[in-house]
Amino acid sequence: NSPFILFLPHRRIILRCLPGETALQRNLPTAHNHHILALPPISLFLQELDMKMIVLALHVAISALQMRQSAAFLPAQAPFKNKKSCLIKNCNYNLVSFPKRSLPLLSTTEATAESTKTITAGTTSSNLGLKIGDTKGATLLVTNLHVSTGSNQILKNINFRVEPKQRWAIVGPNGAGKSTLLKAVTGLQRIDEGEALIASKKIKVGYLRQTAVSGSKKTVAQEAASEMSEINEAKEWMETLEKRIENGDSSEKTLNELAEAQERFANAGGWTQEQDVDLVLKGLGFQPADSDRLCSDFSGGWQMRIALARLLLSQPDLLMLDEPSNHLDSSARDWLATYLSKYEGSMILVSHDISLLSKSVNNIAEISGKTLLTYVSCSYDKYLTEKEFRAKTAMAEYERNVKEAARLQEFVDKFGASATKASSAQSRVKMIEKMRKEGKLDPPPMAVVEKRWKPSLVLPDPPKAIGETLLALHGADIGYSEVDGGAILKGIDLDVNRGMKLILRGPNGAGKSTLLAALRGKLPLMAGKRIENEKLRLGVFTQDLAQELDVTARAMDLVTAYAREGKHGDITVSNQDARGVMGRLGLGDDKPLRVVGELSGGEKARVALSMFALKASNLLLLDEPSNHLDVECIEALGDSLSSWGGKDGAVVVVSHDRAFCESVGFTHVGTVKDGGLIIEERGLQDRDWERYDISSASLPEGIVATGGSGGGEASMKQLTAEEKAELERKRKLAFNAPKRIKKIEALIEKAEEKVMEYEKEMIKVGNDVGKLMELTEKKTKEEKSIAKLMEEWEELEEVMTEMNSS
């Protein structure tokens with residue numbers, strides 16, 4: 001009569017079978033995308049349920065167990081001979097338990113963020129995670145890997161090796177299986193076939209997931225340093241020995257041990273630990289005062305930065321990052337790219353950020369057609385060229401082989417019955433058969449020749465409003481509470497008019513997202529007024545919208561419910577309409593019918609984008625919309641926004657994605673800085689990006705990051721005193737260049753006028769040699785002055801170009 005515990009991926013399966021459904025739903029505990037249900041004793045269980053349902057429920061439990069998502073009691077022997085003789089309550093039970101987040105093969109250390117793991121492999125045979133074995137010199141060796149979810153195969157026959165100091169990027173469309181591959185390697189996803197090997201237990205593997213995290217009770221600096229295990233262990237042992245000496249133990253053994261501990265601490269970088277932590281935190285956008293704040297004070301996006309800082313500082317031998325730039329602004333992204341380009345260990349990076357990929361990796365692996373294609377010693381730009389070349393070469397070779405086989409077959413058809421040429425015909429038959437056996441007549445694999453499908457997005461026409469202004473803030477003070485330091489922005493005046501496309505720029509932490517939250521009405525004003533047009537239809541798309549979706553609901557149900565419900569819902573929106581929008585965004589086949597929890601991060605973002613696209617709006621507010629979307633979806637969104645709105649719609653965007661922003665075609669640029677807002681009626685310019693991209697600003701003084709060749713290599717060199725002086729001279733020149741160029745233009749124009757006057761006088765004087773010589777000398781002097789001014793102009797232009805691009 002032991003209680004029977006079942007894990008079920010979706011509660012509806014069991015709720016259809018049980019009485020008291022409402023009570024069960026109210027009391028059902030939830031944990032992310034799954035539910036755990038404790039049922040009554042088996043005797044009661046048998047009385048209430050049909051035997052077929054029990055069998056079904058057990059099958060579900062077994063499947064769940066195989067997926068390693070929770071725990072289940074399973075019968076030691078099959079008791080289902082027939083309905084009458086079955087006595088489940090009398091049979092023996094084995095407890096098979098996989099506690100939450102435990103990994104049978106992996107010992108993990110988890111601190112603040114559940115999204116980061118430091119992993120050590122085991123030796124036991126299993127279908128979960130890394131194992132120790134012969135990697136043939138590689139840091140990581142993946143062989144014949146197959147992964148599926150239920151009946152849906154995600155990856156097949158994956159063969160992949162990561163050599164020491166190689167930096168790999170894994171690319172592919174949303175839902176291709178990039179994150180699944182990392183999860184399979186780390187033990188978070190069951191492997192159907194194959195294995196992932198590392199050489200020894202000494203190999204330290206660090207993994208950053210793309211999901212949100214929760215805070216700890218430590219300060220930011222303490223949490224960031226918490227996984228610097230070698231330094232922390234040496235420091236702890238050193239402090240223990242120092243206390244022992246303070247308590248009177250001054251023996252030679254203790255003193256020697258202290259000396260060894262101090263040497264170990266120094267060699268591990270202990271004396272510069274604080275500086276290293278400060279440098280990484282600064283690079284990721286934290287202010288000096290943030291180091292002493294509690295982690296729990298920060299939002300989810302900043303929690304991800306803390307997790308990333310901790311993982312980078314732990315210096316794993318194999319660093320695995322899944323969309324690390326999703327919650328970073330352009331300054332932090334640029335710093336991260338420079339940091340990763342100098343990473344001394346091995347690295348696997350999953351990202352849709354082209355800039356990050358171009359700068360930080362030197363090898364590319366593409367998931368296409370459920371398999372993996374590798375491009376060794378290849379930058380991202382070179383990969384795009386090489387991919388196209390491989391596809392063209394494979395198709396050309398296939399067409400050539402087919403043409404040759406047709407030529408041979410033509411000979412066989414023509415002379416096969418001829419007595420004199422029968423042997424020749426038979427020889428050609430064998431040649432055709434050999435080509436077929438060698439696979440020369442098989443079409444090239446889809447993974448090689450298929451072209452990336454491009455999604456499309458069509459936004460509904462904006463409903464017409466009354467008057468010009470759709471939404472306004474007048475004298476607005478914006479912040480969260482007096483406890484948090486009062487208003488972040490003060491005295492904000494902003495009128496969002498019809499036809500306006502506004503991009504909000506500014507340094508990290510200036511309050512751009514806070515301003516957007518106030519515009520949408522989510523954040524109450526501390527002072528001032530928020531005024532809506534009576535015909536306002538507000539559409540909102542935020543970077544965290546995909547993470548807020550109900551993971552237990554079907555994707556299509558969420559999309560249709562959002563379109564039909566609410567103040568401006570349209571009940572005529574059909575399931576077919578929803579599937580059409582989702583299909584154009586790449587959510588085809590059965591994906592609209594899947595539970596959201598079964599979709600990848602990028603696919604969830606596409607679901608959120610589908611919701612956004614189905615309801616007509618005349619003002620669109622977008623906060624970092626390119627996060628979680630792949631390149632093709634970002635392009636589709638940018639193209640759609642560029643042609644949307646006309647004179648009736650308006651757009652306000654916060655984004656650090658330059659390619660996306662430049663595709664929209666903004667009419668206004670808003671600068672959020674020092675607690676205020678400045679609106680300029682103009683498009684984006686290069687200086688808008690340079691102003692808030694720190695590139696070398698987050699590096700120590702005197703160190704400059706310079707782009708390298710190949711796979712986005714970057715080098716860093718220490719400047720000499722002479723180089724620093726020259727750099728400062730060029731900076732001053734570039735700063736004063738616009739004014740000086742205007743003055744040069746005026747001087748040249750004046751000198752050219754004098755030259756023309758001298759030439760006219762030379763014509764008038766005729767044969768007066770003395771006067772001609774005097775005029776010629778004056779003319780030559782002005783021409784030399786013009787040449788000198790032109791040289792200075794060219795130098796200023798070159799300096800401005802150099803400073804703007806550095």
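The values are calculated or read from the model by the stated rules, or taken from the named source; none is laboratory data. All of these numbers come straight from a predicted model, not from anything done at the bench. Every residue, glycine as well, gets a Cβ built from its backbone with ideal geometry; the counts of neighbours run over all protein chains shown. Ligands, DNA and RNA are excluded from the accessible area calculation, which covers all protein heavy atoms including side chains. Shrake-Rupley method; radii C 1.70, N 1.55, O 1.52, S 1.80 Å.
Can you list residue pairs whose Cβ atoms sit under 8 Å apart, with the first residue in region 753-774 being of a type in the set (D, E, K, R) and the second being exposed (fewer than 14 other Cβ atoms within 10 Å of the Cβ)? Count only pairs 6 or more apart in sequence or on different chains.
Partner pairs satisfying both residue conditions: Lys771/Val765.
Which of the following residues is in contact (Cβ under 8 Å) with a residue 40 or more places away in the chain, under 35 Å from the mean Cα position of the chain (by Cα) and in a helix (DSSP H, G or I): Gln222, Gln273?
None of the other options fit; the residue is Gln273.
Can you tell me which residues in region 333-375 are more than 30 Å from Ser148 (Cα to Cα) and either of a type in the set (S, T, N, Q) or free of Cβ contacts under 8 Å to residues at least 12 places away in the same chain (or both)?
Thr338, Ser341, Ser355, Ser358, Ser360 - these are the residues of region 333-375 that are more than 30 Å from Ser148 (Cα to Cα) and either of a type in the set (S, T, N, Q) or free of Cβ contacts under 8 Å to residues at least 12 places away in the same chain (or both).
Looking at Gly539, Gly566, Gly588 in this structure, which one is touching a helix residue (DSSP H, G or I) at 6+ places or on another chain (Cβ under 8 Å) and surrounded by fewer than 17 Cβ atoms within 10 Å (Cβ to Cβ)?
Just a single option satisfies the conditions, and that option is Gly588.
So which of Lys501, Lys490, Lys512, Lys529 is under 21 Å from Ala616 (Cα atoms) and of a type in the set (Lys, Arg)?
Matching residue, one of Lys501, Lys490, Lys512, Lys529: Lys501.
Could you list all residues from region 245-260 that are open to solvent by 70 Å² or more (accessible area, probe 1.4 Å), of a type outside the set (Ser, Thr, Tyr) and either assigned to a loop (DSSP other than H, G, I, E, B) or in contact with a helix residue (DSSP H, G or I) (Cβ under 6 Å, 6 or more places away or on another chain) (or both)?
Scanning region 245-260 gives a single hit, Asn247.
Please list, ordered by first then second residue, the pairs with beta carbon atoms under 8 Å, 6 or more apart or interchain, first in region 433-445 and closer than 11 Å to Val402 by Cβ, second in a loop (DSSP other than H, G, I, E, B) and modelled with pLDDT of 80 or more.
Short answer, once both residue conditions are applied: Met435/Leu441.
Taking region 262-284 as the region of interest, how many residues are at pLDDT 85 or above and either of a type in the set (Ser, Thr, Tyr) or crowded, with 19+ Cβ neighbours inside 10 Å (or both)?
Qualifying residue count for the region: 6.
On the given criteria, is Lys218 surrounded by 14 or more Cβ atoms within 10 Å (Cβ to Cβ), charged (D, E, K, R) and under 30 Å from Asp292 (Cα atoms)?
Yes.
Just checking, does region 375-384 include any residue being in contact with a helix residue (DSSP H, G or I) (Cβ under 6 Å, 6 or more places away or on another chain) and open to solvent by 50 Å² or more (accessible area, probe 1.4 Å)?
No: region 375-384 contains no residue that is in contact with a helix residue (DSSP H, G or I) (Cβ under 6 Å, 6 or more places away or on another chain) and open to solvent by 50 Å² or more (accessible area, probe 1.4 Å).
If you go through region 330-351, how many residues are open to solvent by less than 10 Å² (accessible area, probe 1.4 Å) and in a loop (DSSP other than H, G, I, E, B)?
1
Hey, can you tell me all the residues within region 638-654 that are in a loop (DSSP other than H, G, I, E, B) and surrounded by 24 or more Cβ atoms within 10 Å (Cβ to Cβ)?
Gly649
Collect the residues in region 659-682 that are crowded, with 16+ Cβ neighbours inside 10 Å and assigned to a loop (DSSP other than H, G, I, E, B), keeping them in residue-number order.
Listed by number, the residues that qualify are Phe666, Thr667, Gly675.
When you go through (1) surrounded by fewer than 19 Cβ atoms within 10 Å (Cβ to Cβ); (2) assigned to a loop (DSSP other than H, G, I, E, B) one by one for Glu227, which number turns out not to apply?
(1)
Looking at (1) in contact with a helix residue (DSSP H, G or I) (Cβ under 9 Å, 6 or more places away or on another chain); (2) touching a residue at least 40 places away in the same chain (Cβ under 8 Å); (3) open to solvent by less than 30 Å² (accessible area, probe 1.4 Å), which is the only condition Met556 fails?
Condition (2) is where Met556 drops out.
Can you report the number of residues in region 334-360 which are out of contact with any Leu (no Cβ under 6 Å at 6 or more places or on another chain) and farther than 20 Å from Val185 by Cα?
18
Okay, residues lined up against (1) of a type outside the set (Ser, Thr, Tyr); (2) open to solvent by 60 Å² or more (accessible area, probe 1.4 Å); (3) touching a residue at least 24 places away in the same chain (Cβ under 8 Å); (4) farther than 30 Å from Asp353 by Cα:
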site: Ala396; (1), (2), (3), (4): yes, no, no, yes
site: Arg407; (1), (2), (3), (4): yes, yes, no, yes
site: Ser423; (1), (2), (3), (4): no, yes, no, yes
site: Lys430; (1), (2), (3), (4): yes, yes, no, yes
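Kindly indicate whether Lys235 is part of a loop (DSSP other than H, G, I, E, B) and either over 24 Å from Gly602 (Cα atoms) or of a type in the set (A, V, I, L, M, F, W, C) (or both).
no
The rows are residues; the columns are (1) at pLDDT below 85; (2) touching a Leu at 6+ places or on another chain (Cβ under 9 Å).
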residue: Thr186; (1), (2): no, yes
residue: Ser200; (1), (2): yes, no
residue: Tyr207; (1), (2): no, yes
residue: Val213; (1), (2): yes, no
residue: Thr219; (1), (2): no, yes
residue: Glu230; (1), (2): yes, no
residue: Glu236; (1), (2): no, no
residue: Lys243; (1), (2): no, no
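In region 719-759, how many residues are modelled with pLDDT of 70 or more, over 15 Å from Glu795 (Cα atoms) and open to solvent by 50 Å² or more (accessible area, probe 1.4 Å)?
10
Of all residues in region 602-612, how many are open to solvent by less than 20 Å² (accessible area, probe 1.4 Å) and either over 13 Å from Cys633 (Cα atoms) or among the basic types (Lys, Arg) (or both)?
So the answer is 2.
Name the one entry in Ala184, Ala169, Ala176, Ala196 that is within 23 Å of Tyr375 (Cα to Cα) and in a loop (DSSP other than H, G, I, E, B).
Just a single option satisfies the conditions, and that option is Ala176.
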